[in-house]
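The structure under discussion appears below in the form of structure tokens.
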Protein chains: 2
Amino acid sequence: MKYSTLFGKTIKDVPHDIVSVSHKLLYKAGYIRDSSNGRYYFLPLGLKVHQKIQKIIKEEMDAAGYQEIVTPIFHPVDLWKETGRTESVGFELLKVRDRNNAEFVLGGTAEEMLVELVRKFQVSYKDMPFGLYQFSTKFRDEMRSRGGLLRMKEFVMKDAYSFNISQEDFKDEYMKMQDVYKNIFKRVGLDIKMVSADNGYIGGDYCHEFIVESDVGESQFLESSDGTYLAHQDIAKFSRGEILKEEFLPLEYSNSTNNPISKFVRGDLFKDENNNFYVVFTRGDIEVNTIKLAHVLGVYDISKVLNDDLLKMGFLSGKISPFDTKGLKTVGDISLKTIVNGYAYSKYTSKYALNINYSRDFQLNIIDDIALAPLGSLSEDGKDLILKKGVEVGHIFQLGFHYSSKMSGAHFTDKDGKTKPYYMGCYGIGIARTLATIVEVHHDDKGIVWPESVAPFMVHLVGINMNDSKVKEAADKLYKKLTDIGVDVLYDDRLDVFPGEKLSDADIIGIPHRVVISPKTLKDGNNIEYMLRKDRISKILNPDKLNEEFINQ
Amino acid sequence: MKYSTLFGKTIKDVPHDIVSVSHKLLYKAGYIRDSSNGRYYFLPLGLKVHQKIQKIIKEEMDAAGYQEIVTPIFHPVDLWKETGRTESVGFELLKVRDRNNAEFVLGGTAEEMLVELVRKFQVSYKDMPFGLYQFSTKFRDEMRSRGGLLRMKEFVMKDAYSFNISQEDFKDEYMKMQDVYKNIFKRVGLDIKMVSADNGYIGGDYCHEFIVESDVGESQFLESSDGTYLAHQDIAKFSRGEILKEEFLPLEYSNSTNNPISKFVRGDLFKDENNNFYVVFTRGDIEVNTIKLAHVLGVYDISKVLNDDLLKMGFLSGKISPFDTKGLKTVGDISLKTIVNGYAYSKYTSKYALNINYSRDFQLNIIDDIALAPLGSLSEDGKDLILKKGVEVGHIFQLGFHYSSKMSGAHFTDKDGKTKPYYMGCYGIGIARTLATIVEVHHDDKGIVWPESVAPFMVHLVGINMNDSKVKEAADKLYKKLTDIGVDVLYDDRLDVFPGEKLSDADIIGIPHRVVISPKTLKDGNNIEYMLRKDRISKILNPDKLNEEFINQ
């Protein structure tokens, strides 16, 4: 393709509200443009990369025996009601009514649609296991998106669904898909970590995120020093430390205390999506994790209550006492059990209760793991846990019977002639986020450095001084030659652009192999200047030797 | 692919509400399944065909120099307000609000989005002309869909947009795209007629539908006997006949008349989308075409008023007189001018007015072409017009300055340094409708007969009596051999299915080349039975000769 005719060229400046490196580079280099918040146009260069990633995913999914289908984008809301997900997913779910007043969900995932499709068929054990996948546009009604393609409101997702006859059978499927995902991410040039994660609104008992470590990521996870334990902070287990070997002392009251914060029984007020209130206690040095708390309570959305709501319920900010919980449901983190002779606010808010001990002095309705691992935590088996950040590019879920038990007819006929619910899994990859993450990882101070597998073109051919007929002739000839043998070339044939600008454009666009033809290279015997974008070391070559360079990389 | 593992096999019966041949066959053969009304799942076989059509379109669009991009599905409503289309498209337009109460249009076409994208760039005459296209899901909020994939509420459309510096320049573009479309439809196996058509809510002055003649189609068009005139009935011009050479007679009143219906001045009451009423007159033998009428009146939606509304306005059904139009705006078809000494209801609804003549006895606010060509019409140059039906598979539009004049900044910088609006065109193809139309045209009483270019597989390999180890061995071997050389094979390897069922499955699925291996074919010297699906004449062959058969077709 000739760069002169390409729609979407490089520009010098990007709007000031663009902050992430990938957003900045993709914008500047002419891969994308912003539409409304969280929605993007893919320009020809950007779409080419998007399609290459998609092709790699398709190849790996096909090789794994998955079959591509496509479901409508509009999911009848009745299907979502069957599984109760219209309630559980909260505000991120977009709904729309048509002129007949029929209601639809614009889904983030399509479990109900897939089960609905599969139950239209008479599936028997002989058809099992099987897996289906699609590439389709998904919607997330986020309050506000950030980071360009890293978090979008509308994006193409590859979502796959597996149907197995049993949990045992599913285990192999799940292991297979872990390998499929590892292959996919390796092929697109990403080093991933497979991290146990929260299953969010998808359902099921366990799942794993595929995370690329990066400071721009929103996934926070903990990795043990030996790399054997990897878990998202929303589910990570960690040691609360030893129980101190002290004698229980008698309860006292005092206006002040010199006890460390790690002996403080701190109370906070929380509220769920149905406006139910909970009084929640943790050890003073540990914070509540709302995802863990929501799971323990079996609710979907929970947040700490402040100011007005707190007063309305009769509490003072920061002074919630385990001895005065106003009859509300109480929850505590397991860390409370490590406190011996701790302290808390007494029911007289001006005084502390000292030497308090869980069980002896106060009890709570629930004691469970509801805390965020603080910096410096140890794993349950005593290894250092390191908090890391990264971008979740893929996510695989055990769904088990979560959907097949809720949706009628979601079963197969087994050997014994009986119908049984199938055991499901689901597997997602966001293409655009993967694309942006590749840029986050593969760039330098001059621009993007695409891995060959996903680069929009293989070769960037730059003609320097195209008004020189010899340059034009040599460049046209090489362009034709490479194109004829199937090499995808972006040919900068512009007449009115300075050499420096052409070269810096090539840098920012980031095509792996660069070939420059100029009066200078031609003077030295019809040569070309060849450079591999990633190391930027150039050499003078005879164009006939070119193939070897970029085919052997 | 092994048929035993294919998701979505043939079934015997289809639901009774499925009526069109393509819907029936695609359902029965396992290409699609219905979701909610007007929305469909594509099963693996169906998606393969869909992708093949898409690939052909992409190849032709790329060859024409168009560049693929993609826009968000959610179009900010403000863009549609710039062009006034939120009003003009009426009920078929789906809107959705996000949690921030921002309103979006789920568009049927994306003109505003494309102009919005292009105006983000500093486009100069040097960048022109250029063309952009996308494959993306489009929405039409129809009251009720019918005909399976022939009319859907949600479908993937290839929509392309061209940007030219002038009308002259655009003419070449428009001619080029006509050829591109002819190539595309030829390659997918469709004979098309290019028919002048109404531009609907897209805007612009003229456009053409690409129609495949078929009784299931909803497009009605007129073709002159010599094939030189082709126009959709909503815009077709036709002769109203000669003006009779009679002397004007004096006006009379009578209780009855023997005059022919072609001398009757018939009045009807119509109402537009804003509840404005119009009294509309035509010659008695001619019907009003509401599309023409709407264009003449500059309104979007107009329909004939009956019963209650008629009485409310003071009219009697069938007895609307040109002498008593209640002060409403009046419109007449040009056919009224051919009537000499005609008749109509007088203002006394029990009597006719005889010997009336337009202009002498009554006048109307507007006289224009607002009529549907009746059967037996002649073209304006005197040729027989034949009414035909067909499926509109593609549609190309001259948009002119329609969008670039309404949207600010929709311009390029010309040689003289001045900014000028660009001259636009737009070009659509619905993929699924094209797919269904191929089936409407290419089938026989046994099933689908795919053209090779879009067939889901090239070869259907059927093993008869797969329990016979020799059959299995020979079939496995041939499957591997063909697959290894890149031939796409669907291999019916099922063990527990009768030969007749396998063969009728192959018939209905419609893959072009069939190869049967059975104990019988093997007995005659390790042969195979080869059949071309379209002529169903089989022959016994040595498998080594197979390549010649299906490569030379």
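Please treat every number below as a calculation from the coordinates, not as lab data. The structure presented is a predicted model; accordingly, all values stated were derived computationally and were not measured. Cβ sites come from the backbone with ideal geometry, for glycine too, and all protein chains shown count toward neighbours.
Say a label goes 7 Å from Cα toward Cβ at B:Ser359 in every copy; what distances in nm does this one have to the rest, shortest first?
11.0
Determine Rg/Rh for the stretch A:80-223; Rg is computed over alpha-carbon atoms and Rh is the Kirkwood hydrodynamic estimate from the same atoms.
Values: Rg = 17.2 Å, Rh = 17.6 Å.
Taking Rh as the inverse mean 1/r over Cα pairs, Rg/Rh reads 0.97.
Could you work out the equivalent-ellipsoid semi-axes for the stretch A:457-551, taking the square root of 5 times each eigenvalue of the Cα gyration tensor, largest first, in whole Å? Working shown, then result.
On the way: eigenvalues 58, 48, 35 Å².
Output for the stretch A:457-551: semi-axes of 17, 16, 13 Å.
What's the center-to-center distance, using Cα atoms, between the stretch A:43-71 and the stretch B:506-524 in Å?
Spelled out, the Cα-based centre of one part sits 33 Å from the other.
For the stretch B:1-137, divide the Cα radius of gyration by the Kirkwood radius and give the resulting Rg/Rh value with two decimals. Display every interim value, and only then the final one.
Numbers: Rg = 20.0 Å, Rh = 18.6 Å.
Dividing the radius of gyration by the Kirkwood radius yields 1.08.
Can you work out which chain B residue has the shortest Cβ-to-axis distance for the rotation that carries B onto A, and give it in Å?
B:Val96, 2
Quick check on the exposure proxy: order B:Ser219, B:Ser145 from fewest to most C-beta atoms within 10 angstrom. Show your work: numbers first, answer last.
Values: B:Ser219 23, B:Ser145 18.
Neighbour counts put them in this order, fewest first: B:Ser145, B:Ser219.
Averaged over all directions, how much area does the convex hull of the C-alpha atoms of the stretch A:252-372 cover when projected, in nm²? Present the calculation step by step, with values, prior to reporting the outcome.
Values: hull surface 27.0 nm².
That works out to 6.8 nm², a quarter of the Cα hull's surface.
Which of the trypsin sites (Lys or Arg not before Pro) found in the stretch A:365-463 are loop residues per DSSP with 13 or fewer other Cβ atoms within 10 Å of their Cβ?
Values: sites: A:Lys383, A:Lys388, A:Lys389, A:Lys406, A:Lys415, A:Lys418, A:Arg433, A:Lys446; in loops: A:Lys383, A:Lys406, A:Lys415, A:Lys418, A:Lys446.
Answer by residue number: A:Lys415, A:Lys418.
Using a Cα-Cα cut-off of under 28 Å, which lysines could be cross-linked to B:Lys329, ignoring same-chain neighbours fewer than 8 residues away?
B:Lys237, B:Lys263, B:Lys271, B:Lys292, B:Lys304, B:Lys312, B:Lys319, B:Lys337, B:Lys347, B:Lys351
Calculate how steeply helix A:469-484 sits against the longest principal axis of the alpha-carbon atoms of chain A, using the helix alpha-carbon long axis, and give the answer as 0 to 90 degrees to the nearest 10.
60 degrees
Out of B:Asn37, A:Leu532, A:Ser377, whose Cα points farthest toward the positive end of the dipole of the protein assembly as shown (charges: +1 Lys, Arg; -1 Asp, Glu; placed on Cβ)?
Comparing the listed Cα positions along the dipole, B:Asn37 ranks first.
Find the Rg to Rh ratio for chain A, where Rh is the Kirkwood radius over alpha-carbon pairs and Rg uses the same atoms.
Values: Rg = 29.1 Å, Rh = 27.2 Å.
Across chain A, the Cα-based Rg/Rh ratio is 1.07.
Can you tell me the Rg and Dmax of the stretch B:218-276, counting just the alpha carbons, in angstroms?
18.2, 47
Using the Kirkwood formula on the Cα atoms of the stretch A:298-449, what hydrodynamic radius do you get, in angstrom to one decimal?
On the way: mean 1/r = 0.0462 Å⁻¹.
21.6 Å is the Kirkwood radius here.
Which value, in debye to the nearest 20, gives the size of the charge dipole of chain A about its Cα centre, when Lys and Arg are +1 and Asp and Glu are -1 at the Cβ?
The calculation lands at about 960 debye.
Compare the Cα positions of B:Val497, B:Leu522, B:Ile509 along the charge dipole of the stretch B:457-551 (+1 at Cβ of Lys, Arg; -1 at Cβ of Asp, Glu; about the Cα centre) and return the one farthest towards the positive end.
B:Leu522
Under a 5 Å amide H to amide H cut-off, with H placed in plane at 1.01 Å, what residues pair with A:Gly30 once short-range neighbours are removed?
For A:Gly30, the qualifying residues are A:Ile11.
What fraction of the Cα pairs in the stretch B:301-350, stated in percent, has a spacing above 16 angstrom?
Working: 622 of 1225 pairs.
Tail of the P(r) past 16 Å holds 51 percent of the pairs.
So, counting K/R as plus one and D/E as minus one, what does the shell of residues with Cβ under 14 Å around B:Leu316 add up to? Mind showing how you got there, number by number?
Numbers: positive: B:Arg266, B:Lys312, B:Lys319, B:Lys326, B:Lys347, B:Lys351; negative: B:Asp268, B:Asp308, B:Asp309, B:Asp324.
So the environment of B:Leu316 carries a net charge of +2.
As a test of understanding, state the convex hull volume per residue of the stretch B:67-133 from its alpha carbons, in Å³.
Numbers: hull volume 7.0 nm³, N = 67.
Hull volume over Cα atoms, normalised by residue count, gives 105 Å³.
Are there trypsin sites (Lys or Arg not before Pro) in the stretch B:232-279 that DSSP marks as loop and that have at most 12 other Cβ atoms within 10 Å, and which are they?
On the way: sites: B:Lys237, B:Arg240, B:Lys245, B:Lys263, B:Arg266, B:Lys271; in loops: B:Lys237, B:Arg240, B:Lys245.
Loop-located and lightly packed - B:Lys245.
Between the stretch A:261-281 and the stretch A:406-429, what is the separation of their alpha carbon centroids in Å?
Distance between centres, Cα-based: 40 Å.
With the label 7 angstrom out along Cα to Cβ, how close does A:Pro374 come to the same site in each of the other copies, in nm, nearest first?
9.3
Just to confirm the number: angle between the C-alpha axis of helix B:44-63 and the first principal axis of chain B, 0 to 90 degrees, nearest 10?
70 degrees
Roughly what percent of Cα-Cα pairs across the protein assembly as shown reach past 62 Å? Walk me through the intermediate numbers first.
Numbers: 134380 of 611065 pairs.
Pairs farther apart than 62 Å: 22 percent.
Would you mind giving the mean number of other chain beta-carbons within 10 Å of the Cβ of each residue in B:94-105, as a whole number? Numbers along the way, then the final one.
Working: counts 6, 2, 8, 4, 10, 9, 6, 0, 2, 0, 5, 0.
For this peptide, the per-residue mean of nearby foreign Cβ atoms is 4.
Need the C-alpha centroid separation for the stretch B:242-259 versus the stretch A:175-228, integer Å.
One Cα centre to the other: 88 Å.
Which whole number gives the average, over all residues in A:5-16, of C-beta atoms from other chains lying within 10 Å of the residue C-beta? Write down the numbers at each step before the final one.
Values: counts 5, 3, 13, 6, 3, 0, 3, 0, 0, 0, 0, 0.
Averaged over the peptide's residues, the number is 3.
Once the label point is set 7 Å along the Cα-to-beta-carbon vector, what list of distances in nm do you get between A:Gln178 and its counterparts in the other copies?
The answer, with the shortest distance listed first, is 6.3 nm.
If the viscosity is 0.890 mPa s and the temperature 25 °C, what Stokes-Einstein diffusion coefficient in µm²/s follows for the stretch B:473-518 when Rh is the Kirkwood radius over Cα pairs?
Working: Rh = 11.5 Å.
Answer, rounded: 214 µm²/s.
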